[in-house]
Structures are given as structure tokens and as C-alpha cells.
Amino acid sequence: MKRSLKSLIIVGIVLCLAAPFGCSSVEDVTNSVDCHGVCQRYADCFNSDHDVDGCSDKCQNSADTDEARQRKLRTCDACIDDRSCTEATFSCAGDCAGIVP
């Protein structure tokens with residue numbers, strides 16, 4: 001028991017020390033998740049051949065460098081979250097314009 005607790009503590013310390021050097025910022029992770037979700041939703045609802053990875057990369061690069069774009073991405077993602085494809089089309093078109101084609 002003492003040995004596993006000691007190992008767990010050591011792993012925790014190593015992770016805390018390594019985190020600033022080897023991990024993306026929380027914002028990058030959030031943008032990535034939002035972008036992938038929005039791009040995947042576009043593919044699911046409108047164009048099954050849509051390049052989700054390419055869309056996600058382009059979206060993330062734009063959102064990482066522009067705060068207004070980040071806000072628009074979060075707004076779009078929140079709008080489409082609980083809606084059907086039809087509802088999202090009519091209710092979220094303005095919020096999502098420019099994020100995906």
C-alpha cells in the first residue's frame with residue numbers, strides 16, 4: 001500500500017512539473033474540440049464527404065489567432081449542441097456563418 005501511494009505521488013509530481021512544457025494550453029484544447037464538433041456536425045447534416053480534419057485544422061488555426069473568431073466558434077458550438085440538423089440550420093445559421101462552408 002505504501003509503495004503504490006508513493007508511486008502515485010511521484011507520478012503526480014512529474015505530471016505537474018511536465019505540464020507547462022509538454023501540453024497545449026486549455027484554450028487550444030477547447031478550440032480543437034469546438035472546431036471538430038462543428039465541422040463534424042456540418043458533415044453529418046449537410047455533406048458526408050466534407051473533410052472534417054481539414055475543416056478542423058483551418059477552424060482551429062483561425063480561432064487560435066483571433067479572439068472574435070473564438071467567440072463566434074463557441075457561440076456556434078453552443079447553438080448547435082442540442083438541436084437537430086433542421087433546427088440548427090434555421091436557428092444557428094448566423095452564429096455559424098464563416099466557421100464552416
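Would you mind putting 44-54, 75-85, 61-71 in packing order, based on average other-beta-carbon counts within 10 Å, highest first?
On the way: 44-54: 12.0, 75-85: 15.8, 61-71: 13.9.
The densest-packed peptide leads the list: 75-85, 61-71, 44-54.
Please compute the length gained on full extension between Phe90 and Arg74, using 0.36 nm multiplied by the number of residues separating them and subtracting their Cα-Cα distance. Intermediate results must be reported in sequence, preceding the final value.
Values: separation 16, 0.36 × 16 = 5.76 nm, distance 1.78 nm.
Taking 0.36 nm per residue and subtracting the Cα distance, the gain is 4.0 nm.
Every read-out reported here was derived from the displayed coordinates using simple, explicitly stated rules and does not represent laboratory data. Note that the structure is a prediction, hence the values are computed from the model and not measured. Note that we place each Cβ from the backbone using ideal geometry, even for glycine, and neighbour counts take in every protein chain shown.
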